[in-house]
Amino acid sequence: MLEIRNLHARIAEDGTEIIRGLNLTVKAGEVAAIMGPNGSGKSTLSYILSGREDYEVTEGDILFNGESILELNPAERASKGIFLAFQYPVEIPGVATMQFLKVAMNEQRKARGEAELTTPEFIRRVKAEASGLQIDMDMLKRPLNVGFSGGEKKRAEILQMALLQPSLCVLDETDSGLDIDALKIVADGVNALRSPDRAIVVITHYQRLLDHIVPDTVHVLYKGQIIKSGQKELAHELEANGYADIIGEAA
C-alpha cells in the first residue's frame with residue numbers, strides 16, 4: 001500500500017536535509033511501528049507523507065497504492081485516504097468540533113462522488129464512534145481542541161480517523177502526553193480500525209504504546225534512514241538496550 005523509495009527531503013526554508021535515502025514498504029493490513037531517537041526524522045517523515053509544504057523532497061518517490069503522491073497537495077492526499085494524527089493537535093478557535101467533522105466527512109464523500117450525509121445520519125455515526133472512545137457529546141460542541149486536555153485531543157483525533165475511515169493511518173507519537181487510562185482508550189480505538197484493507201504507521205519513542213497496539217513490523221529510523229527492521233520483538237530489544245548497539249551496527 002505504501003512504498004517509499006530512496007527518499008531524500010529537506011526543510012524548505014533553510015535546506016537542512018532530514019531524510020537521507022529512506023526506504024520503507026508497508027502492506028495493506030499491516031501495522032508498522034517506526035522508532036528512533038530524537039532528531040532521527042520520525043515526525044518529518046509523517047509531515048512529508050501528509051504533504052506539509054515546509055518540507056521539500058529532493059530525490060526518490062512515495063507511492064500510495066502504486067501511485068506517486070509527491071505532486072498531490074494535503075487535501076488531495078486526504079481524499080485518497082491518507083490520515084495524519086498529530087503529536088500536538090492544533091486548537092482552532094471559532095470552529096465547532098461537530099461542524100469540522102461534518103465538513104471533513106462530506107468533503108471526502110464529494111471527492112469520492114458520494115452524496116453528502118444528512119444531519120441525522122451524521123449525528124448517528126458520530127454518536128456510535130464517540131461512545132467507544134468515551135467522548136461526551138458536549139465535548140464535541142466546543143471549538144476544535146480548544147480547552148481540551150491532552151487525552152481529549154488525542155481521542156478527538158482517533159474519532160476523526162474512525163469517521164473518515166482512511167486507508168493509511170499515520171500516528172505521530174499519539175502516546176505523547178497520555179496517562180495510562182487515556183492511552184488504553186486511544187489504543188483500543190486504533191485497534192478497532194485494524195483491517196485487511198488498511199495500513200497503520202505508528203511513530204513512537206516508547207514500547208508502552210506497542211504493548212497496546214501490537215505491530216507486525218518495527219523499523220528503526222536514524223539520521224533519516226531505516227537502519228534496521230524486524231518483528232515486534234525488536235521493540236522490546238530497544239526498550240531493554242536502547243539504540244546504541246543498533247546504531248553501532250549500522251555505522
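Read-outs: derived from the displayed coordinates by stated rules, not from any lab. Source: prediction; values computed, not measured. Counting neighbours? That spans all protein chains shown, and the Cβs are built from the backbone with ideal geometry, glycine included.
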222 nm mean residue ellipticity, helices alone, for the chain (DSSP H n ≥ 4; -39,500 (n - 2.57); rounded to 500): -11000 deg cm²/dmol
Starting at the first residue of segment 64-70, write each ³J(HN,Hα) from the Karplus equation 6.51 cos²θ - 1.76 cosθ + 1.60 with θ = phi - 60°, in whole Hz, x for Gly and Pro. 10, 6, x, 10, 5, 10, 4
For the chain, take the longest principal axis of its alpha carbons; what is the angle in degrees between that and the long axis of helix 119-132, to the nearest 10 within 0 to 90? 50
How many lysine pairs does segment 2-250 hold where the Cα atoms are under 18 Å apart and the two sit 8 or more places apart or on different chains? 18
Mind listing the long-range amide H neighbours of Arg198? Cut-off is under 5 Å, sequence gap 5 or more, other chains count too, H placed in the peptide plane at 1.01 Å from N. Gly29
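Calculate how many DSSP beta bridges within segment 2-250 are antiparallel, expressed in % of all such bridges and rounded to the nearest 5.
The antiparallel fraction comes to roughly 60 percent.
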If amide hydrogens are placed 1.01 Å from N in the peptide plane, which non-local residues have theirs closer than 5 Å to the one on Gln225? Arg20
Calculated FRET value between Val214 and Ala244, using beta carbons and R₀ = 35 Å, to 0.05: 0.90
At most 14 other C-beta atoms within 10 Å and a DSSP loop state: those are the exposed trypsin sites (Lys or Arg not before Pro) I care about. Give me the longest piece of the chain that has none. 113-251
In whole Å, what is the distance between the alpha-carbon centres of segment 195-251 and segment 1-54? 14
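Using the Cβ atoms and a cut-off under 14 Å, what net charge is assigned to the surroundings of Gly248, where Lys and Arg are +1 and Asp and Glu are -1?
Around Gly248, the surrounding residues sum to -1.
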Arg109-Arg5 pseudo-label distance in nm [points 7 Å out on the Cα-to-Cβ vector]: 3.7
Pairing the Cα long axis of helix 180-191 with the longest principal axis of the chain, what angle in degrees results, from 0 to 90 and rounded to the nearest 10? 90
Quick one: which residues, 5+ away or cross-chain, put their amide H under 5 Å from the amide H of Val218? H built at 1.01 Å from N. Ala33, Gly230, Gln231
Neighbour-count ranking [beta-carbon atoms within 10 angstrom, fewest first] of Leu22, Leu63: Leu63, Leu22
Please compute the net charge surrounding Gly189, taking Lys and Arg as +1 and Asp and Glu as -1 over other residues with Cβ under 12 Å from its Cβ. +1
Charge sum, other residues only, whose C-beta stays under 13 Å from Asp61's C-beta, Lys/Arg counted +1 and Asp/Glu -1: -3
